[in-house]
Structure formats: C-alpha cells, structure tokens
1. Got a number for residues in segment 190-224 being farther than 15 Å from Arg255 by Cβ, hydroxyl-bearing (Ser, Thr, Tyr) and not in a helix (DSSP H, G or I)?
2. With the requirement that a residue be farther than 22 Å from Phe45 by Cβ and among the acidic types (Asp, Glu), what does segment 189-243 give you?
3. Of everything in segment 231-249, what is at pLDDT 90 or above and crowded, with 17+ Cβ neighbours inside 10 Å? Give them in sequence order.
4. Could you look through segment 112-123, keep only residues that are touching a helix residue (DSSP H, G or I) at 6+ places or on another chain (Cβ under 7 Å) and in contact (Cβ under 8 Å) with a residue 12 or more places away in the chain, and pick out the one that is surrounded by the most Cβ atoms within 10 Å (Cβ to Cβ)?
5. Could you list, in sequence order, the residues of segment 12-55 that are among the hydroxyl-bearing types (Ser, Thr, Tyr) and free of Cβ contacts under 8 Å to residues at least 40 places away in the same chain?
6. Go through segment 124-171 residue by residue and tally those that are open to solvent by 30 Å² or more (accessible area, probe 1.4 Å) and farther than 24 Å from Val103 by Cβ.
7. Filter segment 189-212 for residues that are under 24 Å from Arg32 (Cα atoms) and aliphatic (A, V, I, L, M); which is most open to solvent (accessible area, probe 1.4 Å)?
8. Can you tell me which residues in segment 172-188 are among the aliphatic types (A, V, I, L, M), closer than 20 Å to Leu128 by Cα and open to solvent by 60 Å² or more (accessible area, probe 1.4 Å)?
Amino acid sequence: MTTVATVSEGTDNPYALSHLDSLESEAVHIFREVAGEFERPVILFSGGKDSILMLHLALKAFAPAPVPFALLHVDTGHNFPEVLEYRDRTVAEHGLRLHVASVQEYIDAGKLRERPDGTRNPLQTVPLTEAIQQHRFDAVFGGGRRDEEKARAKERVFSLRDEFSQWDPRRQRPELWQLYNGRHAPGEHVRVFPISNWTELDVWQYIEREGIALPEIYFAHEREVFNRSGMWLTAGDWGGPKEGERVETRQVRYRTVGDMSCTGAVDSDATTLDAVITEIAASRLTERGATRADDKMSEAAMEDRKREGYF
C-alpha cells in the first residue's frame with residue numbers, strides 16, 4: 001500500500017497535493033514520528049470508521065513492513081455484534097496484536113458499578129487507563145477529530161496525560177510548523193490524534209477513494225429501534241426499551257458507533273458510499289451531536305471525562 005499523490009483541482013501545479021492527499025500525508029507523518037519517538041505505542045481500535053481509517057493510514061505509513069504497533073479495544077460488553085465481528089476479522093487479516101480491556105470483567109470483579117441508565121461508555125475510563133499502565137504504553141493513538149465536539153477541538157495532535165492519565169488543557173504544547181513534542185516524564189503518556197484535522201465528510205470521501213470496507217451498520221438497513229429523548233436506540237439487554245418505549249422497525253444507519261446504550265441511529269436511505277456522502281454534506285449536525293446520548297449528560301460531559309482519562 002503506497003501513497004499516490006493526485007493533482008489538486010483548480011491548479012496546474014503537478015506537484016500540488018489534493019485536499020485528501022494533504023490530510024493523508026499529515027497523518028502518515030504523525031504515525032512515523034511516533035514510531036521514531038516512542039517505545040511502546042498502541043492504536044485504539046474499536047471497529048468504528050475512525051479507527052478503521054487510522055489503521056488504514058498506519059498500514060500505508062509502514063508498508064511493506066507490518067504495523068509496528070499493537071491494537072487496544074475497550075470493550076463495554078454492549079458493543080454492536082457487526083462491529084466486533086469486523087474488528088476480529090481485520091485483526092486476523094493483517095496479523096495484528098489485539099489487547100482487549102473488558103468493562104464487564106471490571107463489573108464482575110466489583111471494580112466498577114453498573115449505571116442506572118445502562119450506559120457503559122463512561123465506565124471505559126478505568127479499564128482504559130489501567131490497560132495503558134499495565135502494558136506501559138507511552139503513546140496511544142486515538143481517532144478523535146476536532147469537528148466532532150468542542151472539548152476535542154481543544155486538543156493538540158500530541159496531547160500529554162499525567163501519571164493518572166488525566167488531561168489538563170493548560171499543559172497543551174504549541175505545535176508550530178507540525179513539530180510535535182513527545183517528551184514526557186516516567187508514568188506519563190501522550191495521546192496522539194493523527195486525524196485531528198479531518199472532518200466527517202473528509203473521512204467518508206477518503207473511505208470512498210481508498211475503497212475501505214466498513215461494517216454494514218454504517219449503511220441504511222432495517223433495524224428494531226425505539227425512541228428515547230429523540231434518539232433511535234437499539235433494543236438490547238443493556239436496559240432498553242423501558243416501559244412505554246415502543247419498539248418499531250425502521251430503515252436507519254449509524255453515523256458513529258459506540259456503546260449500544262448511548263449510540264443513536266438516524267433515519268436514512270443511504271445504502272451506498274455516494275449516498276452517505278451526499279447525506280453528510282447536507283447535514284448541519286455533527287455525528288456526535290446527532291447520535292451520542294453520553295455527550296448530552298451535561299454541557300461539559302466530554303471535557304469532564306477527558307480530564308478523568310477518557311479519550
């Protein structure tokens with residue numbers, strides 16, 4: 001897999017990169033920079049579209065050599081089966097190492113307590129931070145993008161975390177001229193966001209250009225869902241639906257994929273990449289703003305969780 005530059009539209013310069021090529025080049029540079037600076041990096045990989053994109057870019061960055069990083073998935077126990085199947089198939093296809101931190105195991109051991117609302121996304125923080133400490137990962141790649149949510153818009157590409165995996169916005173370092181400072185004290189680590197400057201539309205246009213396979217959940221399909229607080233949630237053993245919440249079959253798709261208990265579907269007839277891109281281009285809501293209940297717990301829900309160690 002090699003990077004092929006294409007001529008930008010509206011220019012006669014044969015060496016000018018297209019918009020997508022510029023984003024790809026930046027991400028590839030970041031992956032190689034981390035490989036040179038850190039001893040034990042890891043890629044967060046859930047089988048969602050952004051982590052799939054990151055893995056694709058990592059494969060490009062080091063081809064024909066294998067990716068020199070392991071993968072880490074924090075499994076809530078309430079993940080969509082289609083996504084877990086894709087995760088395992090991808091790991092096997094590329095011969096990758098996968099570490100799984102299980103929220104269910106922490107609940108069974110009494111280290112975490114189930115929430116009354118059934119959602120486990122906020123419970124991922126402890127398994128994530130303990131997995132980082134246990135395996136001594138010093139750089140952790142995440143698929144966060146600045147267009148997703150206001151707290152993520154504050155992040156640098158290299159984001160320092162202290163010995164408790166906590167984030168302090170005041171300790172953000174300047175990144176002038178794409179120079180990244182990975183220096184950290186023992187016990188600290190750096191969260192790295194290679195696709196920070198991408199938008200949701202960029203992601204889908206790149207996926208189309210590269211022919212990247214995705215879980216079918218991202219395309220319109222019939223599914224049993226119920227409405228809660230204006231969001232179409234998937235029925236399951238996580239605690240939904242409750243009394244008075246009626247299950248119905250609708251044609252939906254998912255713009256982002258997390259825990260079933262907090263990830264809403266959107267009504268859609270987009271069954272192809274072209275149709276998805278057209279739909280996103282017309283949308284005025286971010287994917288998290290439209291479909292993630294965990295971000296609506298408070299005005300600062302994401303920032304509060306990031307300060308505690310969440311991505």
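1. Adding up the residues that qualify gives 1.
2. Glu222, Glu224, Asp237, Glu243 - these are the residues of segment 189-243 that are farther than 22 Å from Phe45 by Cβ and among the acidic types (Asp, Glu).
3. Trp232, Leu233, Thr234
4. Looking at residues that are touching a helix residue (DSSP H, G or I) at 6+ places or on another chain (Cβ under 7 Å) and in contact (Cβ under 8 Å) with a residue 12 or more places away in the chain, I get Arg120.
5. Here is the first cut: in segment 12-55, the ones among the hydroxyl-bearing types (Ser, Thr, Tyr) are 15, 18, 22, 25, 46, 51.
Across segment 12-55, the qualifying residues are Tyr15, Ser18, Ser22, Ser25.
6. 10
7. Applying the first criterion (under 24 Å from Arg32 (Cα atoms)) to segment 189-212 yields 189-200, 202-207, 209-212.
With aliphatic (A, V, I, L, M) added as a condition, the list becomes 190, 192, 195, 203, 207, 212.
Working: Val190: 2, Val192: 0, Ile195: 0, Val203: 0, Ile207: 2, Ile212: 24 Å².
Within segment 189-212, the match that is most open to solvent (accessible area, probe 1.4 Å) is Ile212.
8. So the first thing to find is which residues in segment 172-188 are among the aliphatic types (A, V, I, L, M), and the list is 176, 179, 185.
If we keep only those that are closer than 20 Å to Leu128 by Cα as well, we get 185.
If the condition is that a residue be among the aliphatic types (A, V, I, L, M), closer than 20 Å to Leu128 by Cα and open to solvent by 60 Å² or more (accessible area, probe 1.4 Å), then no residue fits.
The values are calculated or read from the model by the stated rules, or taken from the named source; none is laboratory data. On a predicted model such as this, the values are computed, not experimentally measured, just so you know. Don't worry about glycine lacking a Cβ; one is built from the backbone with ideal geometry, like all the others, and counts go over all protein chains shown. The accessibility values were calculated without ligands, DNA or RNA, using every heavy atom of the protein model including side chains. Shrake-Rupley method; radii C 1.70, N 1.55, O 1.52, S 1.80 Å.
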